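Each remark here refers to the structure printed beneath this line.
The values are calculated or read from the model by the stated rules, or taken from the named source; none is laboratory data. The shown structure was predicted, so the numbers you read here are calculated from the model rather than taken from an experiment. Here the Cβ is made from the backbone with ideal geometry for all residues, glycine too, and neighbour counts use every protein chain on show.
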Amino acid sequence: MDTRPIGVFDSGLGGLTAVRELRQLLPSENIIRSILPFENIIYFGDTARVPYGGRSAEILLKYARQDVRFLRSHDIKAILVACGTVSTTALPQLRQESDIPILGVVEPACRRAAAVTRNRRVGLIATAASVRSGAYQRSLRQLDPDIAVTAKACPLFVPLVENGRFRRGDVVIETVAREYLEPLRREGLDTLILGCTHYPLLTDIIGDIMGPGVTLINTGEEAAWELKRTLRGLDLLAPEGPAGRATLCASDQPEQFGVMASYFLGESLTRPVQPVDIDRY
């Protein structure tokens, strides 16, 4: 057992979809059904430098190292890289440099996709950097060489979601989504990986376009389950007791971050978001 917190980071708000899976409650029955209900979480959103998706591999590694150093200053026991871009470009290096578990979102999502696809036609939507890295594609083909992967970069999704454009009926996000997704829909996919943790906020819109026959894979949810399995295997789970707390931190505009964070988490915030000067790390 280990009561130290878990560190989670992303370029902005998107990684909170993973935190939501870790913490979520079932209010109508007041039953905790979260994946890791007793864990304390330190979340860092690098809002000063969002989005990460168009950055070079060198800059992404620099940013990721700073994010990790900030989280390590809180005596954490593990890190979830709740960012598809960093997971596909910098994760091996981060793991080499760390003496605590560091998990990404790629492998868990790909395992789930390979398990549920029926026709072996899997789609991927992600940032440009993630698609360019080929990490999701390689992971899927290692799991099943017969899987055909169709990947599409969706660079406008993250800035639109960060600015609150993720609801059904929003003409802007629906128009952009249709432009990105119509070519994928025509490929006959039966499974689509949402390869960025911002994208689960677009599940309704994406589902409307892709249709009911396409299973959507939530990378944040799959990574949360992987984190639980890892902590259990290393005897690092927190003991049962009061529900864990989430401390939210951001590198720019913490007040605005807090307003949007409530949508991502599906709950009201009880404490202000802490500002972070990430250049110190």
Problem - Check on residue 240, loosely packed, with under 14 Cβ neighbours inside 10 Å and in a loop (DSSP other than H, G, I, E, B) - result: yes
Practice task
Take region 222-233 and flag every residue that is surrounded by fewer than 20 Cβ atoms within 10 Å (Cβ to Cβ) and out of contact with any strand residue (DSSP E or B) (no Cβ under 8 Å at 6 or more places or on another chain).
Solution key: 225, 228, 229, 232, 233
Handout entry: residue 150 vs. criteria crowded, with 18+ Cβ neighbours inside 10 Å and of a type in the set (Ser, Thr, Tyr)
Key = no
Problem - Search result, residues across region 51-75 that are in a loop (DSSP other than H, G, I, E, B), crowded, with 20+ Cβ neighbours inside 10 Å and more than 14 Å from the chain's Cα centre (by Cα) - result: 55
Handout entry: Residue count, region 109-137 (criterion: surrounded by fewer than 24 Cβ atoms within 10 Å (Cβ to Cβ) and closer than 24 Å to residue 39 by Cβ)
Key = 2
Problem - Residue match in region 257-271 (condition: surrounded by 23 or more Cβ atoms within 10 Å (Cβ to Cβ) and either touching a Lys or Arg at 6+ places or on another chain (Cβ under 8 Å) or in the same structural domain as residue 161 (by TED's automatic domain parsing) (or both)) - result: yes
Practice task
Mind listing whichever residues of region 102-148 are assigned to a loop (DSSP other than H, G, I, E, B) and either under 13 Å from residue 190 (Cβ atoms) or among the aliphatic types (A, V, I, L, M) (or both)?
Solution key: 105, 117, 118, 119, 120, 147
Practice task
Considering (1) over 16 Å from the mean Cα position of the chain (by Cα); (2) touching a residue at least 40 places away in the same chain (Cβ under 8 Å), say which one residue 233 fails and leave the rest.
Solution key: (2)
Problem - Among (1) under 22 Å from residue 6 (Cβ atoms); (2) in a loop (DSSP other than H, G, I, E, B), the one test that residue 226 misses - result: (2)
Problem - Hits in region 228-258 - residues which are modelled with pLDDT of 90 or more and of a type in the set (A, V, I, L, M) - result: 231, 234, 236, 237, 238, 246, 248, 250
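Of the residues in region 178-209, how many are under 29 Å from residue 9 (Cβ atoms) and assigned to a helix (DSSP H, G or I)?
12
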Exercise for the section: Output yes when any residue across region 77-99 is surrounded by fewer than 22 Cβ atoms within 10 Å (Cβ to Cβ), under 24 Å from residue 221 (Cβ atoms) and β-branched (Val, Ile, Thr), and no when none is. Expected result: no
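Please tell me if residue 178 is in contact (Cβ under 8 Å) with a residue 60 or more places away in the chain, in contact with a helix residue (DSSP H, G or I) (Cβ under 8 Å, 6 or more places away or on another chain) and of a type in the set (Lys, Arg). Please lay out each step first, then the result.
Values: in contact (Cβ under 8 Å) with a residue 60 or more places away in the chain: no; in contact with a helix residue (DSSP H, G or I) (Cβ under 8 Å, 6 or more places away or on another chain): yes; of a type in the set (Lys, Arg): yes.
For residue 178, the condition - in contact (Cβ under 8 Å) with a residue 60 or more places away in the chain, in contact with a helix residue (DSSP H, G or I) (Cβ under 8 Å, 6 or more places away or on another chain) and of a type in the set (Lys, Arg) - is not met.
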Problem - Checklist (1) surrounded by fewer than 24 Cβ atoms within 10 Å (Cβ to Cβ); (2) among the β-branched types (Val, Ile, Thr); (3) over 13 Å from residue 122 (Cα atoms); (4) touching a Ser or Thr at 6+ places or on another chain (Cβ under 9 Å) applied to residue 219, failing item - result: (1)
